[in-house]
Amino acid sequence: MGEGRQVGREVGIDLLRQVVQTLQQFSVELRRTVEAGGLERALRAYLAANVEPGVTTAVRPRGRLDALPADVSEEVYLIMREAARNAVRHGDPSHLEIEIEVTDRTLRATLTDDGRGFVPVAAPLTGGLSAMKERATALNGRLTASSAPGAGTRVEVRVPLVESGR
């Protein structure tokens, strides 16, 4: 009986180590910031690591993304990451594209996909769309999502860069 307890204890310790390692990985992902290389690089890396090889992806930047304040880059990255995650999880797209345009006055980031789409509802946003909208609002921006069954989805965030002193 003592040997069985020892084996059980070792198995339990191994499982605990695996759980701790998994939690550490999740923690890193949650606090990951847009690092050197900026927003474009972070989005490309996310798509490369999380989108199935059969889905073509593109990130199309215009303007000076490197001039964006760190908080704007981080929040827009998180919004576009969630939009991409939703597209892949729910839409089954064959093509997914992110466009980011930065001018002196605004940032506009748009994700479009050719997935199955959905019927937008008049009810308040919930889940991922709600979180994306909250992030956009925190930047004094606006999030819009449009979709139709069989016609894919478009998620766009616009953030003023002048009003907030950015």
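When a/c is below 1.5 the answer is rounded, else prolate if a/b is larger than b/c, else oblate, so apply that to the stretch 41-143 with a ≥ b ≥ c taken from the square roots of the Cα gyration tensor eigenvalues.
Working: a/c = 1.95, a/b = 1.16, b/c = 1.68.
Oblate.
For the stretch 104-154, trypsin sites (Lys or Arg not before Pro) meeting the loop criterion (DSSP other than H, G, I, E, B) and having at most 13 other Cβ atoms within 10 Å: ARG105. Each other residue within a Cβ distance under 15 Å of ARG89 adds +1 if Lys or Arg and -1 if Asp or Glu, for a net charge of -1. Classify the stretch 71-112 as rounded, prolate or oblate, taking a ≥ b ≥ c as the square roots of the eigenvalues of its Cα gyration tensor: rounded when a/c is under 1.5, otherwise prolate if a/b is larger than b/c and oblate if not. Oblate, because a/c is 1.5 or more while a/b does not exceed b/c.
Bear in mind that the values in this text are calculations on the coordinates, not laboratory data. Just so it is clear, the model here is predicted, and its values are computed rather than measured. In this analysis, Cβ positions are derived from the backbone assuming ideal geometry, glycine residues included, and neighbour counts consider all displayed protein chains.
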